[in-house]
Amino acid sequence: MPTYISAEGLEQLKQEYEDRRTRVRTEIAEKISAAKELGDLSENFEYQEAKEQQAQNEMRLVDLEAMIKDAVLVEQQKGGASITLGSRFTVEADGKKRSFEMVGSSEADPLNGKISNESPIGMAFIGRAEGEKVEVTVPSGTTVYKILRLE
């Protein structure tokens, strides 16, 4: 499954991968080694916790490797007739203006205006144009947005 991501986002994934592969793995290995020296592993909380951290780190490494391998770079769109991945746009709802950037799910950060193309709000905006009204229904209710401008 493709991972839609900006060049900046891909670089961040690669940095996280390298950090986890080198620094984090080493730190966890040191924790496991120190915990083994404490004796009985069956009742050793430090050992169990370090092994859990190791498993979580290895799962994240597998996820990161897959995302990097399947990365599809999305360029930031300037203007355009409709909202697509990479588009930046400004909307108005309930008298308040907000700016959004349409990104892939791995870069989504709704609090900072980066919405995923796979989220309910993202799916509602894809393909829409300036001046259109978009009704978005989420668990907390329905909001009507007016697209003011594509940047």
Check your understanding: Considering the dipole of segment 88-150 built from charges on the beta carbon (Lys and Arg +1, Asp and Glu -1) around the Cα centre, which of G113, A124, L150 is farthest to its positive end?
Key -> L150
Review point. At L61 and Q15, where each label point lies 7 Å from the Cα along Cα→Cβ, what is the point-to-point distance in nanometres?
Key: 2.1 nm
Review point. Can you give the net charge of the other residues whose Cβ lies under 15 Å from the Cβ of K78, counting K and R as +1 and D and E as -1?
Key: -2
Review point. How big is Rg to Rh over the chain, alpha-carbon atoms, Rh as the Kirkwood inverse-mean-distance radius?
Key: 1.18
Exercise for review: Report, in deg cm²/dmol and to the nearest 500, the calculated mean residue ellipticity at 222 nm for the chain, where each DSSP H run with n ≥ 4 adds -39500 (n - 2.57) and the sum is divided by the residue count.
Suggested key: -12000 deg cm²/dmol
Revision key, fill the gap. Per the rule of 0.36 nm per residue minus the C-alpha distance, extending T84 to T142 adds in nm 18.7 nm
Check your understanding: How far, in nm, would the chain grow between A129 and K51 when pulled straight, counting 0.36 nm per residue and subtracting the alpha carbon separation?
Key -> 23.0 nm
Point to revise | Dimensions (Å) - segment 88-150, Cα atoms, principal axes, largest first | key: 29, 26, 20
Study note, to complete from the structure: Under the Karplus relation with 6.51, -1.76 and 1.60 and θ = phi - 60°, whole-Hz ³J(HN,Hα) for segment 92-104, x at Gly and Pro, equal 10, 8, 6, x, 10, 9, 9, 10, 10, 10, 8, 10, x
Study note, to complete from the structure: Residue by residue through segment 18-26, the couplings from Karplus 6.51 cos²θ - 1.76 cosθ + 1.60 with θ = phi - 60°, in Hz, x for Gly and Pro, are 5, 4, 5, 5, 9, 4, 5, 4, 4
Exercise for review: State, as an integer percentage, the relative contact order of segment 88-150 based on alpha-carbon contacts under 8 Å between residues 6 or more apart.
Suggested key: 33 percent
Check your understanding: Dipole size in debye (nearest 20) for segment 3-73 around its Cα centre, Lys and Arg Cβ +1, Asp and Glu Cβ -1?
Key -> 220 debye
Check your understanding: Within the chain, how many Lys pairs sit with Cα atoms under 13 Å apart, leaving out pairs fewer than 8 places apart on the same chain?
Key -> 6
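Computed from the coordinates by the stated procedures, all read-outs in this text should not be read as laboratory data. Predicted, not measured: the structure shown is a model, and the values here were computed from it. Neighbour counts run over all protein chains shown; Cβ positions are idealised from the backbone, glycine included.
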